[in-house]
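A.B. asks: Below is one structure. I have some questions about it.
The values are calculated or read from the model by the stated rules, or taken from the named source; none is laboratory data. Note that the structure is a prediction, hence the values are computed from the model and not measured. Glycine gets a Cβ as well: all are built from the backbone with ideal geometry, and neighbour counts include every protein chain shown. Protein only, heavy atoms only, side chains kept; ligands, DNA and RNA dropped before computing areas. Shrake-Rupley method; radii C 1.70, N 1.55, O 1.52, S 1.80 Å.
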Amino acid sequence: MSISQASRVGGAGLLALVATYGIGRQAYGLFVPTFRDEFGLSLDVLGFYASAAQAGYLVATVITGVATARFGPRVPVVFGCVLLAVGAAITASAPGPILLAVGITAAGTSAGGAWAPFSDAVDVQVPSSGSRRALALVNAGSPVGLMVASVFVLVAGDRWRAVWLGFAAVGLVAAAAAWRVLAPAGAGPILDRERLRLGWFFNARSVRLLVVALGVSVTSGAYFAYAPDTAQDAGLASWIGPAMWAALGIAGAAVGVFGGGIANRFGLRGPLAAMLVLVGGSMLVLLVAPGSMVAALGSAALFGVGFTTGFALVVMWSQQVFFDRPTTGFTLAIVFIAAGFIVGPSLFGVLATHVDRSVALLAAAAPALLVALVPPSRDDRLDPHDLDRRGDAASA
């Protein structure tokens, strides 16, 4: 049975994001208690490690935008997956805090090379009828990666170094898949690469996209950093963190892979608003039902659906706004996404420490709920049966 290009490219993207996003960028919080005990590190030092990984991610994102335009998507994606493998191997073998910091930073940085290039890969290699499905598959890699990481942690128990060696192996497998599936530089059409003006980046259409990307990322960053800690602070056992991440991954992947079909059938505006409400609402669940295992797992599942499907729709929206240079445009969106992931945890941490955790939960939920009111422009709503920008029929 032949495999469609949408499945091939989308599957390679899913695997790349399993490695670099789900594992490299988002699984770090599962190991904070272990690293604190193993290496005698304080929470502020461990927070600095996370910030260093975020800074590396931002730098890698900018470099990736340039590298993809010059070399095509294969080079940055493969490099990102290999960097995850190297960072995970260093973390697994780290004898002390310095090499641990190097490994964690490299692993987190790897995500900067893996997401945006798939905008170009899908645009060049996948027929328009399957592009939304492929993009949804790529985006589902993040929750699947969290699910994989959670399973590794729950199975391995105290053998955290073996877990990170397993992460390294996942990175190598993802690199091999990307090398095999993604087209080399020059395989796509030759485009007129005139110098871009500021108005190409910031205009009435793109500003809406960037505001939504920033808002949902503020809430998401706070959730990833503090949701398990909030559940434990309310009296739940330490296993609730991996269990929440597993619920997040299962629910997110189960619905997120259908993001393309949802956009094809219902358009972009309504489904995106609903997903943003789920992201914000997942924070409020932790507020109204503290100490409830069912509420904690339900919150994670709601967040997984909203986060995965919502960001899949954001990627499709970006494809519409920046249709002539998908990776360059989505790189800009990722910068705003990364900024939100920096602001969210800081906002929550300051409010939880100096005011009250309940206030922090409300404040963290607000950005996603507010940007749910920001609709795409009429040109970007992907209404069912619309014609895409190149004149082909949108997929059914």
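A.B. asks: Quickly estimate the mean residue ellipticity at 222 nm for the chain, helices only: each DSSP H run with n ≥ 4 gives -39500 (n - 2.57), and the total goes over all residues, rounded to 500.
C.D. replies: Helix contribution divided over all residues of the chain: -24500 deg cm²/dmol.
A.B. asks: Of Arg132, Arg180, Arg197, which has the largest mean-square fluctuation in a 10 Å C-alpha GNM of the chain?
C.D. replies: With Cα springs under 10 Å in the chain, the top fluctuation among Arg132, Arg180, Arg197 is at Arg197.
A.B. asks: Separation between the Ile63 and Arg161 pseudo-spin-labels, each 7 Å from Cα along Cα→Cβ, expressed in nm?
C.D. replies: 2.9
A.B. asks: Turning to a different aspect of this structure: Give the Cα extents of the stretch 179-318 along the principal axes, in whole Å, largest first.
C.D. replies: Here the spans come out as 59, 39, 29 Å, largest first.
A.B. asks: Okay, next question. Using +1 at the C-beta of Lys and Arg and -1 at the C-beta of Asp and Glu, which of Ala19, Val211, Pro117 has the Cα lying farthest in the positive direction of the dipole of the chain?
C.D. replies: The Cα lying farthest towards the positive end belongs to Pro117.
A.B. asks: Sorted from largest down, give the three principal axis spans of the alpha carbons of the stretch 285-361, whole angstrom values.
C.D. replies: 49, 28, 12
A.B. asks: Just how far, in whole angstrom, is the stretch 92-161 from the stretch 54-82 if you go by their alpha carbon centroids?
C.D. replies: Comparing the Cα centres of the stretch 54-82 and the stretch 92-161, I get a distance of 14 Å.
A.B. asks: Per 0.36 nm of contour for each residue apart, how much would the distance between Leu154 and Arg265 grow if the chain were fully extended, relative to their Cα-Cα spacing?
C.D. replies: 36.1 nm
A.B. asks: At 7 Å along the Cα-to-beta-carbon direction for both Phe201 and Arg378, put a label point, then send me their distance in nm to one decimal.
C.D. replies: Computed distance between label sites Phe201 and Arg378 equals 3.0 nm.
A.B. asks: Hey, what did the stretch 314-366 get for relative contact order, percent, Cα under 8 Å, at least 6 apart?
C.D. replies: 20
A.B. asks: A further question follows. Bins of 20 Å, beginning at zero and ending with the bin holding the largest distance: percent of Cα pairs per bin for the chain, please.
C.D. replies: 30, 60, 10
A.B. asks: Follow-up. To the nearest 20 Debye, how big is the dipole of the chain about its Cα centre, given +1 on the beta carbon of each Lys and Arg and -1 on that of each Asp and Glu?
C.D. replies: Roughly 700 debye, rounded to the nearest 20.
A.B. asks: Hey, could you grab the Kirkwood Rh for the stretch 19-66? Inverse mean 1/r over distinct alpha carbon pairs, Å, one decimal.
C.D. replies: For the stretch 19-66, the Kirkwood estimate is 11.8 Å.
A.B. asks: Please tell me the relative contact order of the chain in percent, rounded to the nearest whole number, where contacts are Cα pairs under 8 Å and at least six residues apart.
C.D. replies: 23
A.B. asks: Can you work out the Karplus-derived ³J(HN,Hα) for every residue in the stretch 31-39? Use 6.51 cos²θ - 1.76 cosθ + 1.60 with θ = phi - 60°, whole Hz, and x for glycine or proline.
C.D. replies: 9, 4, x, 5, 5, 5, 6, 5, 10
A.B. asks: Related question: What accessible surface, in Å², does a 1.4 Å probe find on Phe341, ignoring ligands, DNA and RNA and rounding to the nearest 10?
C.D. replies: Accessible surface of Phe341 is approximately 30 Å².
A.B. asks: Right, next: Once both labels are modelled 7 Å past Cα along the beta-carbon direction, what's the Leu362-Ser238 spacing in nm?
C.D. replies: According to this spin-label approximation, the distance is 3.4 nm.
A.B. asks: Determine by what factor the alpha-carbon radius of gyration of the stretch 239-303 differs from 2.2 N^0.38 Å, reporting the quotient.
C.D. replies: 1.22
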